[in-house]
1. Does Phe563 count as within 27 Å of the chain's Cα centre (by Cα) and in a loop (DSSP other than H, G, I, E, B)?
2. If you take just the helices (runs of 4 or more DSSP H) that sit entirely in the stretch 233-295, which of them hold at least 1 residues that are open to solvent by 50 Å² or more (accessible area, probe 1.4 Å)?
3. Give the residue, chosen from Leu603, Leu682, Leu619, Leu653, that is at pLDDT 90 or above and surrounded by fewer than 21 Cβ atoms within 10 Å (Cβ to Cβ).
4. With the requirement that a residue be open to solvent by 90 Å² or more (accessible area, probe 1.4 Å), within 33 Å of the chain's Cα centre (by Cα) and free of Cβ contacts under 8 Å to residues at least 24 places away in the same chain, what does the stretch 190-227 give you?
5. Is it fair to say Ala666 is open to solvent by less than 10 Å² (accessible area, probe 1.4 Å) and of a type in the set (A, V, I, L, M, F, W, C)?
6. Mind checking which residues of the stretch 622-650 are at pLDDT below 85, in a loop (DSSP other than H, G, I, E, B) and open to solvent by 20 Å² or more (accessible area, probe 1.4 Å)?
7. Residue check: is Arg94 open to solvent by 50 Å² or more (accessible area, probe 1.4 Å) and out of contact with any helix residue (DSSP H, G or I) (no Cβ under 7 Å at 6 or more places or on another chain)?
8. Residues that are open to solvent by 20 Å² or more (accessible area, probe 1.4 Å): which helices (runs of 4 or more DSSP H) entirely in the stretch 443-540 hold 2 or more of them?
Amino acid sequence: NEESRYIMIRAPGLNGLLGAARTLRQVLGRQNAFEELIKVDRPNAALQDASKRAGAARHDSPSEALNLHDVSSGIMWLEACSRSSAAADRAVARQNQSLAEEQLAKLSSLVTVGNQLAAAGVLRGPFASLVRVTVQNMLSKRVKSGMKAGWLLPGKTPGITAGFLLRQGENKSAGLFAREERASAAFERALTASFQGRRTLTFKESELVGVPEALSKVWLKRGQYQLPSGRDSINRLMPFCGNEEARQKLFDAYYDGFGGQLDAAALTLLRARKELAEKLGFASWAEYQLRPLADVASHPARAREFLDLCWARLQPCMAPKLKKMQELASLQGMDSLEHAHEQYFESVVTGQEPNSLKLAEYLPAEAALRRLMDVIGSASNIRFQSLSSHQGWKTGWHSGTRCFEVIDEAPHTDGRHLGYVYINLFTQRFSSKSLAPGAVILAPGHVYLGLNLQAPSWGATKILTPADLTTAAHELGHAVHMLCMEGCMQQFHDLPLDVAELPSVFMEVLATQPSVVEKYARHHASESAPESSLSGCMQNSPFFYAKKLRNLSVGLGLHSEEFDPHSATPRTLREASIQMWQRYSPVKADPHFSPFGDDAGGLMATVGANGVAYLLCYLRAELMLQAAKGKTRSRSQEAARWLNPEFAGQLRLQLLDKSFPGQRLATLLPSLATEPSIVPKLPHPLPALPAAATGAESGLFARLSNKN
């Protein structure tokens with residue numbers, strides 16, 4: 001249910017009454033909070049070189065934090081959209097094209113903001129749902145009219161996303177988009193059920209030898225251990241359990257849950273995407289998705305070559321530890337390293353999982369998050385200032401939501417205000433929904449960040465895992481980018497994925513550097529810093545990237561011309577996906593295995609073939625950090641290089657603040673493309689990926705080799 005994607009807001013009853021009172025005040029005062037929200041969204045603002053604007057107020061920002069009672073009324077949303085659409089109609093009647101474009105962009109911003117608030121649960125109920133359809137039709141009617149009349153030019157007219165424009169064209173694709181969305185939702189539901197596990201397994205304590213009590217105690221019931229055959233159990237047991245039979249038993253039960261019903265749902269989704277891509281003028285869904293990316297991955301064939309190159313670079317990095325894993329497997333009577341036991345032997349050889357468990361004691365949630373925010377602030381010349389009073393029933397926010405004002409601390413800015421971030425650490429108690437972490441622009445200058453961690457028991461201190469911490473760093477990177485970037489919401493939403501994800505991946509990689517870990521990790525009881533052997537365990541290993549390659553291979557292959565969904569069956573789909581996964585695996589796939597039970601399923605549900613963009617971001621992030629570090633050897637000097645105003649200033653200038661061409665995406669889509677002499681195609685906004693990024697002597701692969 002899209003409306004329940006973010007659970008951050010509003011208990012019924014009192015909040016409903018307060019919202020109605022705030023709405024009445026707006027009506028009597030002839031005000032509209034939705035119109036006030038989008039005043040800072042300026043799609044028609046001229047793009048200027050950020051270096052020429054240093055010290056100036058780069059963009060407007062909201063003057064106060066968001067009170068959800070002000071924007072909880074569908075009536076006020078409808079009124080704002082109606083006024084804007086009427087103004088656009090008048091401008092068209094007067095043949096005032098620039099004013100028509102301005103009002104249409106304003107209407108698009110209003111529709112976007114309302115949709116985000118509805119998805120967040122602020123605008124809800126039958127009437128709000130009716131308003132969503134009504135305002136969507138308002139915008140659609142005027143966009144279609146403008147495109148038909150020739151004054152609205154995709155790739156030139158600002159403020160309207162390429163995705164929305166695609167649905168309005170003459171290619172009759174709107175129905176196929178809806179079909180793809182339904183198939184995607186059905187696949188995601190089936191995938192979620194499989195992730196949760198379809199069986200419960202019983203183990204004796206002796207069968208769970210090696211599993212720390214801190215992990216196993218949640219399964220203990222009446223003297224036996226009851227394990228759901230889901231992903232959480234796999235993640236907890238497989239790296240630690242020394243019992244071969246127990247590992248195989250759980251492995252088989254977990255992957256048996258990814259059966260023919262899920263494969264059939266995947267096939268339905270792949271067929272819908274294939275037909276939609278062809279209607280849009282592409283040979284495959286992968287070609288459609290990859291077109292906006294950097295040249296090295298902008299076509300399925302080039303993306304495959306890129307993955308092959310990364311796999312070739314990874315193998316020498318993995319070889320020493322892989323050899324040790326194979327030796328351990330041989331000692332336990334295995335002819336070769338078997339798939340079901342790969343994770344266990346990797347944990348034994350690298351020590352990463354045991355060390356991560358120890359490091360968690362140094363990551364108490366509230367304190368670690370606050371220190372992490374200080375680190376990210378130093379890396380981007382901003383400051384998060386807590387607004388502890390802005391929560392609860394007075395403002396409509398859930399009591400667990402923390403509000404922060406984001407202040408610019410770059411030189412010559414005089415501490416100007418950038419906007420607000422609203423952070424929810426935990427899912428609501430007694431909620432049955434399991435929500436993925438995410439950051440979203442609710443409105444210009446207002447970013448919501450949901451980490452959606454499991455809340456601690458009453459009176460207990462929540463301890464984060466290293467994975468939780470890197471997720472928080474990733475999402476905070478998104479939040480900083482959303483507030484710093486020059487340009488409007490449409491420009492942000494139309495960014496290529498390898499640009500949109502680079503700030504977040506950069507912050508994620510920065511947060512895993514040993515010298516940076518020591519800045520925010522403190523023991524929950526003693527406040528002491530972790531030993532150096534622990535602070536180094538957060539960096540991604542060669543096996544992390546090998547697993548990423550396998551899953552990216554599945555997403556790329558199934559969505560490209562390597563696979564034909566129309567002639568396939570669920571069985572041949574399973575066989576093809578395993579073959580694609582096997583291409584980058586040092587072990588042979590187990591007969592019970594389905595790649596959808598690995599990360600390939602989640603990637604297919606969310607980004608499809610576009611996941612290769614994340615690998616591009618990891619390569620760029622590693623290269624950026626190494627370039628800034630120079631020949632520095634000591635950890636303290638490393639952190640000093642990365643967390644200083646000069647480096648942060650360059651990051652702001654070249655990435656975070658930069659307003660990239662917002663209309664580029666529309667120029668790359670055949671069904672939207674205008675005559676190049678009128679709207680020329682634009683290059684990728686980032687410099688070409690340097691050869692050093694995939695070289696063996698520098699960047700990511702050099703670090704991975706040195707780690708051996």
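1. yes
2. It comes to 244-256, 260-279.
3. Result: Leu653 is the single residue among Leu603, Leu682, Leu619, Leu653 that is at pLDDT 90 or above and surrounded by fewer than 21 Cβ atoms within 10 Å (Cβ to Cβ).
4. Glu213, Lys217
5. Considered against the rule, which asks whether it is open to solvent by less than 10 Å² (accessible area, probe 1.4 Å) and of a type in the set (A, V, I, L, M, F, W, C), Ala666 comes out as yes.
6. Gly630, Lys631, Arg633, Ser634 - these are the residues of the stretch 622-650 that are at pLDDT below 85, in a loop (DSSP other than H, G, I, E, B) and open to solvent by 20 Å² or more (accessible area, probe 1.4 Å).
7. Criteria met by Arg94.
8. Of the helices (runs of 4 or more DSSP H) lying wholly inside the stretch 443-540, those with at least 2 residues that are open to solvent by 20 Å² or more (accessible area, probe 1.4 Å) span 466-484, 489-493, 514-520, 532-535.
The values are calculated or read from the model by the stated rules, or taken from the named source; none is laboratory data. Here the structure is a predicted model, which means the values were calculated and not measured. Because the Cβ atoms are built from the backbone with ideal geometry, glycine has one as well, and the counts that use them run over all protein chains shown. Just the protein is used for accessible areas: all its heavy atoms, side chains included, with ligands, DNA and RNA removed. Shrake-Rupley method; radii C 1.70, N 1.55, O 1.52, S 1.80 Å.
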